[in-house]
Structures are given as structure tokens and as C-alpha cells.
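**Student:** Following this message is one structure expressed as C-alpha cells.
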Amino acid sequence: MAINPQAPSAVVMIRPHHFSPNPETLPDNSYQSRDVSQDQALLATQAYEQVSQAQQQLQAAGINVHVFEDTGTDTPDSVFPNNWFSTHLGGHVAIYPMYAKNRRKERRSDIIDMLKAQYRVQDVIDYSGLEYDNIYLEGTGAMVLDHIERVAYAVRSKRTDSLVLERFCTQFNFEPMVFDAEDEAGVPVYHTNVLMCIGSDFVMAGFDMIKDTQRRQQIIQRFEDSGRLIINLTEDQIRHFCGNALELQSKQGRFLALSQRAFEALTHEQIALLNQSVTLLPLNVSAIEMAGGSVRCMLAGIHLSKR
């Protein structure tokens, strides 16, 4: 099966054994639950089971899922591996600097070793040392990559430093497109992948949360020029993680992995438009969404050739 630049056929997932919403990320993640009454043991059990069920559903769709266990108690966000590494056509891997100190412990050499063993990896570029200078770029959470048009879309935030973004784009052959986005209360969007999902034939995003109308139109125009169908998401749909989805491909066709909550928040018209390109694959990750991320955050796509 030929590699689709935008839709990987394999992913890395982390199954957490002690999941909990991360207190270190709460201040700037408005999508994270503020409910402190949750039974943490029950939540951890639910998260473990939901990752296991999502793995089975993805594999049933023909997606190759590499699952790693996290038995640690000091990495509450480990279920979101897309923030600390990414992979790219041509055999390139990037490792990223993380804003929350306890998230830096999520980086695992065994995952990089697996990629080198099973896929063609030419080089690994490690930006994590920039943490010492308080410079951060949280992977494909901070950036949503158009692998076809080679554009890196990035919302400005304390988790997305423009200097390291420029460096990444130079080294990985992307054009940076930086913009501001915020909710109705004026709270900045913490990660671009909450706001935007780019598929092979479509893009769905909360465009109205880009308050600079000129910049918003420039971004929409880029997508229109690439021939993609534009699906505008409301702020309420963004809060239900409709933008936090990932297109995948297998021999069975192309799929859009998204949460059950997100699927239920889409309109019939939006679903009909998406069905023209992909088969929707809703996954129940309700416990994990308490941490302020959803399906896209849980899937680190592998854009590498197999050995």
C-alpha cells in the first residue's frame, strides 16, 4: 500500500496504568476538567480500558497500532504521545521540548528504538534541550501539519515558540503559518490540534476563533487553493473536540478517528460532507478527555516506510 502523505497507516499509542488529569497543565488548558470530585482510581481504570478498546477498533479498521505501557505514576499525560515526537516522510523523526515539567518524563527511548527497528529512520532531530531556555514546541499538538502542501499551522501560545517553529520548518521543509486563536472569553487556544484537523481532501476547524479576519481569510484561502473542502466548526464543537481528529489509512480505505463525544456534536450535514472522503471511526475516550485532549492527541502517526 502506497504511503498517503496526510493519512498514516500506523500509530503509536500509550496505555496508562495510573491516568489522571495533569495539574501542571491546568492553568492554560481551558478544555481540561476542573472537577476535583472525580474518583481518580475509577478514572484511571476507565482510561486504561478506553485505550485498549480504541486500539482494538483501530486494528479492526486495518490500522497498525504500536501500544506501549506506562506503569509510572508521575506521567499523568503520557496517553498523549503526539506532543513529544513526530515522524516524517524520508525517514525523519523529531523530539520536542515540553512546557510542563512532568511531561518531559514522557519521552521514551524504547519508542524511538522501535521506530528504528521496524521503519526506515535516517535521522532523529532532538529539540528537547531548548527546555533549558524556556523554549517549547509541543509537537503535533502545537502544530497541525499539512504534509501535502508542506505548511505548519500553529496557534501562538506558551507551548509554541516561533523561533523553534521556524527551526523545525527549515529542517523539515514546512512553511510556518502562525496565528492567534481564542474563545469567546478571550482565552487563547492552548494547542492547534484542538482547533484544526487537516485531511487529504478536507479541513475542519474553528475558523471563527481566529479573530484577525485578514489572517483567517488567508488561512482559508490556502486550504481552498489546495482543493480541500472547508468545514467550519463552532466554538461549542471545538469544546467537544470535533477538531481533535486524525485521518488514517489502511487497505480498507481512509478513516477519520475522532471521539464519540465529537461525533455526536457534528451536524448531519457535516457528517455527510466528511463521508464523501472518509469513514468516521468514533472512539469512546470520555475519561481521557477529562485531561483536555482527545483522540488526535492520543495518536502519534507514523509517516515512515517500513523496513
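The values are calculated or read from the model by the stated rules, or taken from the named source; none is laboratory data. None of these values were measured; they are calculated from a predicted model. Methodologically, a virtual Cβ is constructed for each residue, glycine included, from the backbone with ideal geometry; neighbour enumeration extends over all protein chains shown. When the accessible area is computed, the model is the full protein with side chains, heavy atoms only, and any ligands, DNA or RNA have been set aside. Shrake-Rupley method; radii C 1.70, N 1.55, O 1.52, S 1.80 Å.
**Student:** Just to be sure I understand: with springs between alpha-carbon atoms less than 10 Å apart, which residue in Leu145, Leu115, Leu248 has the highest mean-square fluctuation in the Gaussian network model of the chain?
**Tutor:** Of the options given, Leu115 has the highest mean-square fluctuation.
**Student:** Here's something else I'd like to know. Below 21 Å Cα-Cα, how many Lys pairs turn up in the chain? Only count pairs eight or more apart in sequence, or on different chains, if you could.
**Tutor:** Lysine pairs meeting both conditions in the chain amount to 6.
**Student:** Please figure out what share of the DSSP beta bridges in segment 83-177 is antiparallel and state it in percent, rounded to the nearest 5. Intermediate values should be presented prior to the final figure.
**Tutor:** Details: 10 of 17 bridges.
Restricted to segment 83-177, the bridges split so that about 60 percent are antiparallel.
**Student:** Quick one: with all protein chains in place, what share of the accessible area of the chain is carbon or sulfur, to the nearest percent (1.4 Å probe)?
**Tutor:** Carbon and sulfur: 47 percent of the exposed surface of the chain.
**Student:** Here's another thing I want to ask about it. Taking only the C-alpha atoms, wrap a convex hull around segment 207-256 and report its volume per residue in Å³ as a whole number.
**Tutor:** For segment 207-256, the hull spanned by Cα atoms encloses 84 Å³ per residue.
**Student:** Just how large is the dipole of segment 91-205 about the Cα centre, in debye to the nearest 20, putting +1 at every Lys and Arg Cβ and -1 at every Asp and Glu Cβ?
**Tutor:** Computed about the Cα centre, the dipole is about 520 debye.
**Student:** What does the convex hull of the Cα atoms of segment 243-307 come to per residue, in Å³, rounded to a whole number?
**Tutor:** Convex hull volume per residue, Cα atoms: 99 Å³.
**Student:** State the antiparallel share, in %, of DSSP beta bridges confined to the chain, rounding to the nearest 5.
**Tutor:** Antiparallel: roughly 45 percent of the beta bridges in the chain.
**Student:** Right, something else. Could you pull out every whole DSSP H run in the chain that spans at least 20 Å of Cα extent along its own axis and averages -1.0 or higher on the Kyte-Doolittle scale?
**Tutor:** Taking the DSSP H segments of the chain (at least 20 Å long, mean hydropathy at least -1.0), we get 40-60.
**Student:** Under a Cβ-only charge scheme (Lys and Arg +1, Asp and Glu -1), can you give me the dipole magnitude of the chain about the Cα centre, in debye to the nearest 20?
**Tutor:** Dipole of the chain, to the nearest 20 debye: 820 debye.
**Student:** Return one whole number: the accessible area per residue of the chain in Å², for a 1.4 Å probe. Present the calculation step by step, with values, prior to reporting the outcome.
**Tutor:** Working: 12430 Å² over 307 residues.
Normalised by residue count, the accessible surface of the chain is 40 Å².
**Student:** Is the chain best put as rounded, prolate or oblate by its Cα gyration tensor, with a ≥ b ≥ c the root eigenvalues, rounded for a/c under 1.5, and otherwise prolate when a/b is larger than b/c, oblate when not? If you can, show how the numbers build up before the last one.
**Tutor:** Working: a/c = 1.12, a/b = 1.07, b/c = 1.04.
It is rounded, given that a/c, with a ≥ b ≥ c, falls under 1.5.
**Student:** Now a separate question. Label segment 42-153 by shape, choosing from rounded, prolate and oblate, from the square roots a ≥ b ≥ c of the eigenvalues of the Cα gyration tensor; if a/c is under 1.5 it is rounded, and otherwise prolate applies when a/b is larger than b/c, oblate when it is not.
**Tutor:** oblate
**Student:** As a test of the formula, what do you get for the chain when each DSSP H run with n ≥ 4 contributes -39,500 (n - 2.57) and the sum is divided by the residue count, at 222 nm and rounded to the nearest 500 deg cm²/dmol?
**Tutor:** One gets -8000 deg cm²/dmol as the mean residue ellipticity at 222 nm.
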